[in-house]
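Encoded as structure tokens, the structure appears first; notes follow it.
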Amino acid sequence: MFSIVTAPTVARLINEDLTGCVAIVRDTYLAHARGNTVNPPSVFLRYRTKPNARIIGLPAHLDETRPVSGIKWIASYPDNIRDGLPRASAVLILNHDNTGYPFACLEGAIISAARTAASATLAAEYLVATGRRVRTLAIVGAGFIARHVYQFLSGTGWTIENVLVYDTDPREAQRFVERVCVPERHRSLVITKDLAAAVRPADLVLFATVAPKPHVHEPRLFEHHPVVLHISLRDLAAELILNACNVVDDIDHVMQADTSPHLAEQLTGSRHFVTGTLADVIEGRCTVDQERTVVFSPFGLGVLDIAVGRWVYDRAVFAGDFIPIDNFFGDLQR
């Protein structure tokens, strides 16, 4: 049987168990560290006439208790924002391990955002020295991904006293504060007029922008050594990366496509500036230097989408909230 799981179902099932979603991401990172995944490089489809747009294919296989394969096909069109549309759209296809036949198509943008937010939340849990409590969270880039990270932090028991929001479009920052933030959870909610006003007071900083190249170059912004969730990957100048304690999801994967770590590698000719992976931190194979700025730069492993997608699919089937498509493959007799 081939089934479709739509966005409302995906969103509902994830929001019902944010802690469970974080646990799936944690288990998948550890499976990846054990070598029980296949996660080839992402494929980028780019356009001569739309240089800032791309569609990315992320194939992956999870070879754990219940093996599953699949691919996320995600489009990133930043110009959509001008027309009031989300930047990203995606589908996720899941394949049976024994036959290779696809068995489900799920709306993928929410799954992609959720696994990204779960990854950021997991990283914060292991990198922030004060546990699930921060004095000030700075959000740089008040879009779709930032919304999910905020909701995951809030929904998994974090205490955040103050929230500072900065976006190059003040209307986006205002919309984020009014529609996403929960005022009673915080002592203050402030929209800042510039990046520095957001970053300097914060002990946890989230970068969730659409920046195509580094725009943050000033070392003094980080002299108080916050934990930085560098989700958008291209905000920080290579020199800032080189001065930080760097944790990534996968060293080989993050060193591509002109990410900030990739630029740092090109500048120095080595990867010595990477402390380790998040799985290394979780399992105690490396320690985080809290006397330096700690930067988490996750390239985003396709196997996380596959794992979260299967988890959502299983829950959808259990709830009977899916659309079966009869005879999708036609005649199955050779």
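One line per residue, one yes/no per condition, for (1) more than 20 Å from Asp249 (Cα to Cα); (2) in contact with a strand residue (DSSP E or B) (Cβ under 8 Å, 6 or more places away or on another chain); (3) among the small types (Gly, Ala, Ser):
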site	(1), (2), (3)
Pro40	no, yes, no
Leu45	yes, yes, no
Thr49	yes, no, no
Ile55	yes, yes, no
Ala60	no, yes, yes
Asp79	yes, no, no
Ser89	yes, yes, yes
Glu107	yes, yes, no
Ala123	no, yes, yes
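Of the residues Ala238, Ala211, the single one that is at pLDDT below 95 and of a type in the set (A, V, I, L, M) is Ala211.
Restricting region 43-66 to residues that are assigned to a strand (DSSP E or B) and among the basic types (Lys, Arg), which is surrounded by the fewest Cβ atoms within 10 Å (Cβ to Cβ)? That would be Arg46.
Only one entry of Ser89, Ser69 meets the criterion of being outside the structural domain of Glu283 (by TED's automatic domain parsing), hydroxyl-bearing (Ser, Thr, Tyr), in a strand (DSSP E or B) and within 17 Å of Ile145 (Cβ to Cβ), and that entry is Ser89. Is there any pair linking a residue in region 221-244 that is among the aromatic types (Phe, Trp, Tyr) to one that is in a loop (DSSP other than H, G, I, E, B), with Cβ under 6 Å and at least six apart or on different chains, and which? From residues that are among the aromatic types (Phe, Trp, Tyr), the pairs are Phe222/Thr293.
The residues on offer are Thr259, Thr293, Thr275, and the sole one that is crowded, with 18+ Cβ neighbours inside 10 Å, in contact with a helix residue (DSSP H, G or I) (Cβ under 6 Å, 6 or more places away or on another chain) and either among the aliphatic types (A, V, I, L, M) or farther than 19 Å from Phe2 by Cα (or both) is Thr293.
When Gly269, Gly284, Gly320 are checked against the criterion of being more than 29 Å from Pro212 (Cβ to Cβ), more than 26 Å from the chain's Cα centre (by Cα) and exposed (fewer than 13 other Cβ atoms within 10 Å of the Cβ), a single residue qualifies: Gly320. In the condition set (1) among the hydrophobic types (A, V, I, L, M, F, W, C); (2) outside the structural domain of Ala129 (by TED's automatic domain parsing); (3) within 28 Å of Asp194 (Cβ to Cβ), Ala316 is compliant with all but (3).
What's the number of the only condition in (1) assigned by TED's automatic domain parsing to the domain that holds Cys21; (2) of a type in the set (Val, Ile, Thr); (3) outside any strand (DSSP E or B) that Ile74 fails to meet? Looking at each condition in turn, Ile74 falls short on (3). A residue that is of a type outside the set (Asp, Glu) and either assigned to a loop (DSSP other than H, G, I, E, B) or on the phi > 0 side of the Ramachandran plot (or both) can be found somewhere in region 21-35.
The values are calculated or read from the model by the stated rules, or taken from the named source; none is laboratory data. Note that the structure is predicted; figures quoted are calculated from it, not measured. With ideal geometry, Cβ positions are generated from the backbone for all residues, glycine too; neighbour counts draw on all protein chains shown.
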